[in-house]
Amino acid sequence: MVPQGRRAGVRPGPDNLGIAYDQGQGVPQDYAEAARWYYMAADQGFAPAQFNLGVAYEQGQGVPQDYAAAISWYRKAADQGFALAQLNLGGAYDQGRGVAQDYAEAARWWRKAADQGNAMAQANLGVAYERGEGVAQDYAEAAQWYRKAAEQGNAPAQYSLGALYDQGQGVPQDYAEAARWWRKAADQGNAMAQRNLEKWYRKSAEQGDAMAQYNLGVAFQYGHGVAMDYVAAQQWYRKAAEQGLAPAQVNLGVAYAQGQGVAQDYVAAAQWYRKAAEQGNAKAQYNLGALYDQGQGVPQDYLEAVGWYRKAADQGFAPAQFNLGLAYDQGQGVPQDYAEAARWYRKAAEQGFAPAQFNLGVAYHQAEGVPHDYAEAAQWYRKAAEQGNADAQRNLGAL
């Protein structure tokens with residue numbers, strides 16, 4: 001089953017001192033002292049403290065490990081409707097820990113927590129319906145509970161919901177939907193989802209599906225469910241790119257530009273970027289502009305660079321907005337215009353792009369295209385500095 005809940009996260013009330021000792025916040029970490037304070041609050045009927053005291057007994061932290069005592073405290077909190085206690089009480093019945101194993105009782109408590117929106121309980125209830133443990137086996141009901149948990153980001157539920165779509169159990173068989181849920185779980189590091197996703201991508205890719213070929217390339221590039229292999233990544237990107245899939249064309253261009261899995265070749269990079277750029281892909285437009293800017297694989301041409309930067313910038317691509325600002329700042333490919341530079345810096349800065357935040361700070365600091373304003377300069381320096389921009393950190397310190 002899905003792991004149980006642990007100590008409650010936000011617990012205003014009389015067990016706050018227990019939490020402090022439990023987590024070592026402002027006082028030395030001391031589980032025994034934490035348990036003492038939890039007991040004081042729990043004895044007054046405070047459900048979060050009762051739950052936390054149950055966890056302490058279950059884990060033997062600050063008190064002797066005692067599953068029966070843990071169950072007793074979980075039950076007190078659960079009877080007050082505290083969802084985490086209901087979750088853990090269900091887990092105890094499921095595993096026969098401190099109580100006789102009873103799948104029906106486990107499902108009953110999980111349902112109480114699940115009805116309050118607890119994702120782990122929803123996922124566990126899905127497992128119960130899928131296996132027919134404590135409830136009548138019902139794949140449709142399992143899918144319903146998995147979906148509730150999956151939509152809250154619960155990775156095991158995302159994996160399980162994908163598996164139901166893959167098998168057509170409780171939901172119509174839909175391989176694309178299976179892959180969609182597996183991808184969500186895989187992105188959270190779920191190894192089973194990563195393996196299933198790779199198998200599904202490979203099967204579809206070998207049948208000529210361009211998006212599957214691209215996704216298989218991504219899996220090999222980043223080692224998602226397979227061993228990292230840049231050569232294999234580029235082979236799959238190429239298959240998708242040759243079918244006209246723009247993201248694959250971009251990634252193949254990047255591979256040539258960086259020499260990852262293929263020999264470094266800026267000419268080939270430019271060719272693949274252009275194919276994607278002409279389809280409106282903003283990243284490709286930006287990358288192609290950068291090649292023209294630097295004269296890599298194409299003749300250096302600031303005017304051409306600006307043209308591609310502008311296409312990407314107009315789509316809201318922050319690096320392109322920043323580079324377009326630089327072009328106006330330096331008068332490369334366009335007439336020098338500090339006000340226009342600041343306008344583009346601002347667009348990128350407002351998206352959190354640190355170099356643009358720094359440059360906008362400089363503009364206010366030096367009154368270039370905007371009024372002289374130290375406070376505004378400091379504000380933008382600070383935003384960039386908080387992202388680790390060393391120039392902004394230095395300038396902020398000098399203000």
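Values in this text are rule-based calculations from the coordinates and carry no lab data. These numbers come from a predicted model, not from an experiment. All Cβ positions, glycine included, derive from the backbone under ideal geometry; neighbour counts span all protein chains shown.
If amide H atoms are built 1.01 Å from N in the plane of the peptide, which residues on other chains or at least 5 residues away come under 5 Å of the amide H of Asp265?
Ala257, Gly259
From Cα pairs below 8 angstrom and at least 6 apart in sequence, can you work out the relative contact order of the range 208-315, rounded to a whole percent?
Relative contact order for the range 208-315 comes out at 17 percent.
Under a Cβ-Cβ cut-off of 12 Å, what is the net charge of the residues other than Ser204 that fall near it, where Lys and Arg count +1 and Asp and Glu count -1?
+1
Could I get the Rg over Rh figure for the range 330-399? Both from C-alpha atoms, Rh via Kirkwood, rounded to two places.
For the range 330-399, the value is 0.97.
Normalising by the residue count of the chain, find the relative contact order in percent from Cα pairs under 8 Å and 6+ residues apart.
Value for the chain: 5 percent.
For Met192, what is the net charge nearby, where nearby means another residue's Cβ is under 15 Å from its Cβ and Lys, Arg count +1, Asp, Glu -1?
Combined, the nearby Lys, Arg, Asp and Glu give 0.
What number, rounded to the nearest 500 deg cm²/dmol, is the helix-based mean residue ellipticity at 222 nm of the chain, given -39500 (n - 2.57) per DSSP H run of at least four residues and division by all its residues?
Value at 222 nm, helices only, nearest 500: -21000 deg cm²/dmol.
Could you work out how much longer the chain between Ala398 and Asp102 gets when fully extended? Use 0.36 nm per residue separation minus the Cα distance between them, nm to one decimal.
Going from the current span to full extension adds 99.8 nm.
In whole Å, how far is the Cα centre of the range 101-150 from that of the range 256-326?
Using only Cα atoms to place each centre, the spacing works out to 51 Å.
Based on Cα positions only, what radius of gyration and what Dmax would you give for the chain, in angstroms?
28.4, 80
Would you tally the net charge around Tyr292, using a Cβ to Cβ cut-off of less than 9 Å, leaving Tyr292 out, and scoring K and R as +1, D and E as -1?
Here the charged neighbours net out to -3.
Based on a Kirkwood Rh over C-alpha pairs, give the Stokes-Einstein translational diffusion coefficient of the range 78-153 at 20 °C and viscosity 1.002 mPa s in µm²/s.
Rounded, D is 182 µm²/s.
Just to be sure I follow the definition: excluding the sites themselves, where is the longest run in the chain that has none of the GluC sites (Glu not before Pro) in a DSSP loop with at most 14 other Cβ atoms within 10 Å?
It runs 1-150.
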